[in-house]
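Take a look at the structure set out below.
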Amino acid sequence: MVREWAGWIADTRLSHVFQEISWVIPVSQSMHIVCVAIVFASASMLGTRLLGFGASGRTVSQLVGSLIPWMYGALAVLLLTGLVQTIAEPLRQFVTPEFWWKMLMVICELLLTVWFARAVRRDPGRWDAAPTRPKGARLFAVVFVGLWVAIVVCGRLIGYTWSYYAWIFRFPAVHG
Amino acid sequence: MIPPMGDFLNSLEQTTLASMVRGDTGLEWLFPQVEIVHVLALALVFGSILMVDLRLLGLNSRTSAVSRLSAEVLPWTWGAFAVAALSGGVLFISKAHTYFYNLPFRLKFLCMALAGINMLCFHFGDYRKVARWDLRSPPPVGARIAGLLSVLLWVGVIFCGRWIGFTT
């Protein structure tokens, strides 16, 4: 079924345009990395702040106020550039298990980010003072940063494992 | 006398580490693993630099003092930079000739050198009088220019870095 979907997407006019213009994929991937950097560095800063080290000059709510809007913006660009790459090379993504793991973790992270940002904005005082901070805050920080690491790892792995899976499932390479 | 470049690149490629990363000893996954470390580290380098640059441009953290923000962020930048440089060095020696003569690789290092010069100019320029404008947002023109150049050059580093993967 996945093969039919991939074939259908690869046959669309948009996919052809993306495949034929040589710079679309490299530029899209580069923008993707720029935004990965924004999201990953922000998440690391927030996570370590919650764990009690790093960014000690600012409160949790100040960090949320300055980092979250940029994270949302970068996430939007990540989804858009990821979509461009998927439309251009659907088979590469769909045959690779790392892609589906990555998508699952991305959904989890989107929910975690929105939940965390809203919780801090609703009651900043509770998150700013270490003694009143919710008990799960440290666990949240570890999962939050850990999942972003796993997402980056899976993202980079797709570029290496996809041709192996395409070969296993005897799918024709779309190109390259 | 300077030894010929080719000899130097050869000796790098002939090290045990280089042949292991190349996959000569059966560890085919070593290169991707080192590359993943490189990507995670460069994300922290660029992301942390961007936090300071955006403050210099008056686009973010407007209420934080510039000196305080850079003191908070710089340990991340340098720590991650050390990891990125080390992992990048390991990737380089595995195919030293290929990378050394690769145009995007050279442009990447040009961008990094210019980013370094830009940082030094800022450090010994407007930043010496930071106490006078620490809480101003946007800061003086010189600091804003330094912030903008830094963003552009580091985006250039990332684009060239990704471009290397398409040309080697």
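Every number here is computed from the coordinates shown, using simple stated rules; none is lab data. A quick note: this is a predicted structure, and the numbers were derived from the prediction, not measured. Cβ atoms come from the backbone with ideal geometry, glycine included; neighbour counts cover every protein chain shown.
General observations
- Test: residue in region B:28-39 that is surrounded by fewer than 16 Cβ atoms within 10 Å (Cβ to Cβ), free of Cβ contacts under 8 Å to residues at least 40 places away in the same chain, within 14 Å of chain A (Cβ to nearest Cβ) and not in a helix (DSSP H, G or I): yes
- Scoring A:ILE87 on the criteria (1) touching a residue at least 60 places away in the same chain (Cβ under 8 Å); (2) crowded, with 17+ Cβ neighbours inside 10 Å; (3) closer than 23 Å to B:GLU35 by Cβ leaves a single failure, condition (3).
- Screening region A:106-163 for residues that are surrounded by 15 or more Cβ atoms within 10 Å (Cβ to Cβ) and of a type in the set (D, E, K, R) and picking the one that is nearest to A:GLY57 (Cα to Cα) gives A:ASP128.
- Only one of B:LEU42, B:LEU17, B:LEU54 that is in contact with a helix residue (DSSP H, G or I) (Cβ under 9 Å, 6 or more places away or on another chain) and away from every other protein chain (no Cβ under 11 Å): B:LEU17
- Those helices (runs of 4 or more DSSP H) of region A:1-65 in which at least 3 residues are facing chain B (nearest Cβ under 8 Å) and in contact (Cβ under 8 Å) with a residue 40 or more places away in the chain, considering only elements entirely within it, cover A:24-51.
- The one condition in (1) of a type outside the set (A, V, I, L, M, F, W, C); (2) part of a helix (DSSP H, G or I); (3) without any contact (Cβ under 8 Å) to a residue 40 or more places away in the chain; (4) under 30 Å from B:ASP126 (Cβ atoms) that B:ASP53 fails to fulfil: (3)
- Residue satisfying all of: in region B:65-96; in contact with an Asp or Glu (Cβ under 7 Å, 6 or more places away or on another chain) and assigned to a helix (DSSP H, G or I); nearest to the other protein chains (Cβ to nearest Cβ) among these: B:SER67
- Selection from region B:121-152 of residues that are assigned to a helix (DSSP H, G or I) and within 13 Å of another protein chain (Cβ to nearest Cβ): B:VAL151, B:LEU152
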